[in-house]
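Engineer: To start, I am sharing the structure in question, which I have written as structure tokens.
Since every read-out is calculated from the coordinates, none of them should be taken as a lab result. Predicted model only: the values in this text are computed from it and were never measured. Counting neighbours? That spans all protein chains shown, and the Cβs are built from the backbone with ideal geometry, glycine included.
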Amino acid sequence: MIKKTILITGGAGFIGSHVVRLFVNKYPDYKIVNLDVLTYAGNLENLKDIEDSSNYIFERGDITDEKLIDELFAKYQFNGIIHLAAESHVDRSIADPNQFIKTNIFGTVNLLNAARKHWSPDFDDKKFYHISTDEVYGSLGDEGIFTEETAYDPRSPYSASKASSDHLVRAYNHTYKLPTVISNCSNNYGPNQFPEKLIPLVIHNIKNNKAIPVYGKGENVRDWLYVIDHARAIDMVFHNGKIGETYNIGGNNEWKNIDLINTLCEIMDRRLNRVNGESAKRITFVKDRAGHDLRYAIDSSKIQQELNWKPSLQFKEGLEKTVDWYLNNEDWLTHVMDGDYEKYYDKQYHKR
Ligand code: NAD
Ligand code: DAU
């Protein structure tokens, strides 16, 4: 018997695919509907191992398509939504913000409207869970940490679009009593991340003897969390998070970009039987990202104390696993790095 039907948006992307896999495997009595339009960042190969599961359905479609979303709500009678679909890459948002506004803001409103329409007046046993980012809180100096009370101060088109969607989710909770919950997470890393993001890009470039592009002086700091630990946190917030609340999720694991890149170089030298120091020779300092946020750091004590979540993996172990995954999944990389990605890469890095 099906206990719940859950809509997961963006389930073919990096984090979404790990969330879909966790839910499909862990909850055989849930029906999981994955809605994804399959942009350059969405890839059904990420879900090959579970695509034939009897409790899993894939729907290809756009969250900004009002008619489609209305039809899907009518067809499946969702009990819950875990909303991950988004444009997610800061550099692309700087180059061309409009798609970020459309997907991240209008797409979210469209889902909120459909949930409100189809769930009213009885919100019992319903939950609209919006996945967001620590970038909405802005940028820190050497000191300080983001808590759930930190005022929003987004500084890129990407983070502004995510902040806007968070505000709308809270507004629907406040105004219409829609049962919503939000989590804001730090930088994820691990298998299946599109190679435009720092860690897979560095691994790929080292492997292929290409320059390793470091923005500015490499002194920006990010807090890194293994993607499967984020998926575990999402499971806990979806099931036990309190309606109307926000939960910060992070790895308590701050790294300067240049230190992280040097660590990756050392791991890659060992894996590729290169002389220690060989890969680091490829480090190339390039023009900084416009408006580059200096430091993110997240206080995740609320989710740790209230929901009993904590990261399970040490960073070095997670990085080694991640490197091995990319080295063992050459086909995956070749398939995602099609002509469009090559064009993006040339524009992003060879203009410098
Ligand atoms: P991603 O770019 O890897 O995947 C996004 C997915 O959304 C893709 O499968 C894409 O096809 C799909 N999508 C995009 N536009 C869509 C649309 N209009 N309709 C339907 N599907 C669409 O992103 P990710 O890194 O997995 O991030 C997922 C979510 O988590 C995002 O909301 C992001 O803001 C948030 N987040 C990411 C990180 C991180 O470090 N990657 C950290 C915190 C929060
Ligand atoms: O903090 C959470 C956010 O983390 C998510 O909301 C975003 O979706 C996700 O993309 C990520 O954003 P970042 O901008 O922090 O990630 P990115 O991998 O693009 O960059 C990480 C850091 O590395 C950042 O300081 C910029 C730097 N960088 C990045 C690239 C791609 C480089 O120095 N060189 C590069 O080529």
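Engineer: What relative contact order, as a whole-number percentage, does region 213-352 give when Cα pairs under 8 Å and 6 or more residues apart are counted?
Structural biologist: Across region 213-352, relative contact order equals 36 percent.
Engineer: Excluding same-chain residues fewer than 8 positions from residue 302, which aspartates and glutamates have a Cα within less than 19 Å of its Cα?
Structural biologist: Leaving aside aspartates and glutamates fewer than 8 places away in the same chain, those within reach of residue 302 are 134, 135, 148, 149, 166, 223, 229, 235, 245, 254.
Engineer: Continuing with this model, one more query. Enumerate the amide H contacts of residue 59 below 5 Å, restricted to partners 5 or more residues apart or on another chain; note that Pro and chain-start residues carry no placed amide H.
Structural biologist: It is 34, 35, 36, by chain and number.
Engineer: Another question, if that's okay. Taking the chain as a Gaussian network, where each spring joins two C-alpha atoms under 10 Å apart, which residue of 245, 320, 149 fluctuates the most?
Structural biologist: Looking only at 245, 320, 149, the biggest GNM fluctuation is shown by 149.
Engineer: Arrange the following residues from fewest to most other Cβ atoms within 10 Å of their Cβ: 63, 199.
Structural biologist: Lowest to highest Cβ neighbour count: 199, 63.
Engineer: Still on this structure, I have one more. Looking at the square roots a ≥ b ≥ c of the eigenvalues of the Cα gyration tensor of region 256-335, which shape do they give, rounded for a/c under 1.5, prolate if a/b is larger than b/c, or oblate?
Structural biologist: Oblate, because a/c is 1.5 or more while a/b does not exceed b/c.
Engineer: Given Cα pairs under 8 Å that are at least 6 residues apart, what percent is the relative contact order of region 17-167?
Structural biologist: Once divided by the residue count of region 17-167, the mean separation gives 22 percent.
Engineer: Over 25 Å between C-alpha atoms is what I'm after, so list which of 242/316; 48/197; 75/162; 117/242 land there.
Structural biologist: Working: 242/316 33 Å; 48/197 23 Å; 75/162 28 Å; 117/242 22 Å.
Table pairs above 25 Å Cα-Cα are 242/316; 75/162.
Engineer: Assuming R0 = 30 Å, can you tell me the calculated FRET efficiency for the pair residue 177 and residue 101, based on Cβ-Cβ distance, to the nearest 0.05?
Structural biologist: On the way: r = 27 Å, r/R0 = 0.90.
The computed FRET efficiency comes out at 0.65.
Engineer: Among all the aspartates and glutamates, which ones have a C-alpha under 17 Å from residue 347's C-alpha, if same-chain residues fewer than 8 places away are not counted?
Structural biologist: Residue 347 reaches 91, 96, 196, 288, 338.
Engineer: How far, in nm, would the chain grow between residue 117 and residue 263 when pulled straight, counting 0.36 nm per residue and subtracting the alpha carbon separation?
Structural biologist: Extending this stretch completely gives an extra 47.5 nm.
Engineer: From the phi of every residue in region 102-117, what ³J(HN,Hα) in whole Hz does the Karplus formula 6.51 cos²θ - 1.76 cosθ + 1.60 yield, where θ is phi - 60° and glycine or proline is x?
Structural biologist: 5, 5, 6, 9, 5, x, 5, 4, 4, 5, 4, 4, 5, 4, 4, 5
Engineer: What is the distance in Å between the Cα centroid of region 134-181 and that of region 25-74?
Structural biologist: 26
Engineer: For region 194-352, what is the charge dipole size about the Cα centre, in debye to the nearest 20, if Lys and Arg each add +1 at the Cβ and Asp and Glu each add -1 at the Cβ? Walk me through the numbers on the way to the answer.
Structural biologist: On the way: 24 positive and 24 negative charges, 109 e Å.
It comes to approximately 520 debye.
Engineer: Output wanted: per-residue J couplings in Hz (rounded whole) for region 195-201, from phi through Karplus 6.51 cos²θ - 1.76 cosθ + 1.60, θ = phi - 60°, x for Gly and Pro.
Structural biologist: So the J values, rounded to whole Hz, are x, 8, 8, 3, 5, x, 5.
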